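Asks: Right, I'll just put the structure down here and ask away after.
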Amino acid sequence: MSFASLGLAKELTRAVADEGYEHPTPIQREAIPLVLAGRDLIGSAQTGTGKTAAFLLPILQRLAGGQSHALRALILVPTRELAEQVLQSARTYGRHLSLTAAAIYGGVGMEPQTRGLARGIDVLVATPGRLLDHMGRGHVDFSHIEVLVLDEADRMLDMGFAPDVRRILDALPEERQTLLFSATISADVDRLAQRALQGHASVEIGRRAAPADGVEHVLVAVDKLQKRGALARILQAKPAGQTLVFTRTKYGADKLVTFLRREGIAAQAIHGDKAQSTRQRTLDAFRNGAVDILVATEIAARGIDVDGIRMVVNYDVPTDPELYVHRVGRTARAGQRGVGLTLMSPDEWLLVADIEKLVGQVFPREVIPGFEPATRPPEGRLAAVEQPKPARSVRMRAGRARR
Ligand code: AMP
């Protein structure tokens, strides 16, 4: 199936061809015709599924047909990294159109953003808090808004943006198209959808609790104090290519990077204590391959959209199973293969059981020679699932469960 057959104009099919996309992803196939038809939509889709293009392409097409340079599309996102990324995608997909786009988010000066808003833009990507600041100062005119996108709605709510989002919704014209994307549709997201999509049809697409099929999940059993050594060994023994390592805390990220560097492994950290410009530089270095190993905290990694991440490492087991899905969703994007490797100490066994339940697989348990834990972990406990044998080597194999 081609992008043109979805009803996209040649300016947009040319832009995706420039990007080397050959076929629309499933969410693009489903969402694009609906959005072009003006429908409201709830897309339950994670990053890595092509959801950004799924909403941007039809929105840009809609805007291209109208009067330019009035603010007509607003895209709300949880983080500044995601704001930058969506902005870049809007510019990429809109390169053969004469639309303008801008992003506004906190942590940087107001003034350049204010000037940008005054210049007249078609597409605004914004984090809720900073948008409210600009609204309070009369910098934005919502009277021409035709489309609203709530991207990563679950994250926005998790980050406490619900009141801000409500205030923004109240300020928007009621007559508009609204699209909501969320990795999970929790009760809170559903409530937000009820409010935002009021009076409109809503369609749910491709709900998926599991990460992409191309992810091989691997558990490495190790004692807590041995984690960093085991990780260094893994990274040295089998360089996986671009690797994203998650730590729970900023301090943990810095400490781990210091340790890895001492072991001769060139790693860099990205987290919320670093200046925006430093984070951007680090991210660019990771994106263009100058840095292979990026150590990140959850928040800083939100919206990291780098193609070709070969391995995601959970240095700490995420406490929320959905976070696990979100983290490993950074690898195996757009049909590629990747590894989700989790270092698991005995105090984390129970957390792993919850993750396996959510993903619906028992992951293979492995140990790193020289870093065997004092106690062997129990095997996975999913009922009616073929249990893979715990392997002894570092080999990364998928432990796909048959239900
Ligand atoms: P997203 O889910 O929006 O975060 O996109 C995930 C990645 O897939 C992005 O880096 C896109 O550049 C890429 N991508 C989006 N659509 C396609 C497509 N149809 N074919 C190949 N890659 C794509």
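Asks: Please enumerate the residues belonging to region 165-192 that are hydrophobic (A, V, I, L, M, F, W, C) and at pLDDT below 90.
Replies: The answer is ALA183, ILE185, ALA187, VAL189.
Asks: Please work out if GLN28 is more than 27 Å from ASP164 (Cα to Cα) and either within 10 Å of the ligand (Cβ to nearest atom) or assigned to a helix (DSSP H, G or I) (or both).
Replies: yes
Asks: Does region 41-60 include one or more residues that are more than 19 Å from the chain's Cα centre (by Cα) and in a loop (DSSP other than H, G, I, E, B)?
Replies: No, every residue in region 41-60 fails to be more than 19 Å from the chain's Cα centre (by Cα) and in a loop (DSSP other than H, G, I, E, B).
Asks: Looking at region 107-138 only, could you name the residues that are basic (Lys, Arg) and under 26 Å from the mean Cα position of the chain (by Cα)? Break it down stepwise before answering.
Replies: Initially, region 107-138 is screened for residues basic (Lys, Arg), giving 115, 119, 130, 137.
Once the filter is applied, which keeps residues that are basic (Lys, Arg) and under 26 Å from the mean Cα position of the chain (by Cα), region 107-138 yields only ARG130.
Asks: Consider GLY50 carefully, then state whether it is surrounded by 23 or more Cβ atoms within 10 Å (Cβ to Cβ), modelled with pLDDT under 95, small (Gly, Ala, Ser) and under 25 Å from ARG155 (Cα atoms).
Replies: On the way: surrounded by 23 or more Cβ atoms within 10 Å (Cβ to Cβ): no; modelled with pLDDT under 95: yes; small (Gly, Ala, Ser): yes; under 25 Å from ARG155 (Cα atoms): yes.
Judged against the criteria, GLY50 is not a match.
Asks: Which number in (1) crowded, with 19+ Cβ neighbours inside 10 Å; (2) modelled with pLDDT under 90; (3) of a type in the set (Val, Ile, Thr) marks the one condition that VAL147 misses?
Replies: (2)
Asks: Scanning for something in the same structural domain as SER182 (by TED's automatic domain parsing), among the β-branched types (Val, Ile, Thr), within 13 Å of the ligand (Cβ to nearest atom) and at pLDDT 95 or above, does region 86-99 turn up at least one residue?
Replies: There is at least one residue in region 86-99 that is in the same structural domain as SER182 (by TED's automatic domain parsing), among the β-branched types (Val, Ile, Thr), within 13 Å of the ligand (Cβ to nearest atom) and at pLDDT 95 or above.
Asks: Additional query: Kindly establish whether SER5 is touching a Leu at 6+ places or on another chain (Cβ under 7 Å), outside any loop (DSSP other than H, G, I, E, B) and polar (S, T, N, Q).
Replies: No; evaluated as a whole, the condition is false for this residue.
Asks: Within region 16-25, take every residue that is touching a residue at least 40 places away in the same chain (Cβ under 8 Å) and crowded, with 18+ Cβ neighbours inside 10 Å and give me the one that is nearest to the ligand (Cβ to nearest atom).
Replies: Across region 16-25, the extreme among qualifying residues is THR25.
Asks: Looking only at residues in region 334-359 that are within 21 Å of the chain's Cα centre (by Cα) and surrounded by fewer than 23 Cβ atoms within 10 Å (Cβ to Cβ), which one is farthest from the ligand (Cβ to nearest atom)? Before the answer, list the steps.
Replies: Within region 334-359, the subset within 21 Å of the chain's Cα centre (by Cα) is 334-342, 355-356, 358-359.
Pick out the ones that are also surrounded by fewer than 23 Cβ atoms within 10 Å (Cβ to Cβ) and you get 334-337, 356, 358-359.
Numbers: ALA334: 4, GLY335: 7, GLN336: 9, ARG337: 14, GLU356: 24, LEU358: 20, VAL359: 19 Å.
So the residue we want is GLU356.
Asks: Also: With the condition being at pLDDT 85 or above, I'd like the helices (runs of 4 or more DSSP H) fully within region 288-403 carrying at least 2 qualifying residues.
Replies: 321-328, 349-359
Asks: Can you confirm whether region 31-51 contains a residue that is over 30 Å from GLU322 (Cα atoms), in contact with a strand residue (DSSP E or B) (Cβ under 7 Å, 6 or more places away or on another chain) and away from the ligand (no atom under 16 Å from the Cβ)?
Replies: yes
The values are calculated or read from the model by the stated rules, or taken from the named source; none is laboratory data. This is a predicted model, so every value here is computed, not measured. Cβ: placed from backbone, ideal geometry, glycine included. Neighbour counts: every protein chain shown.
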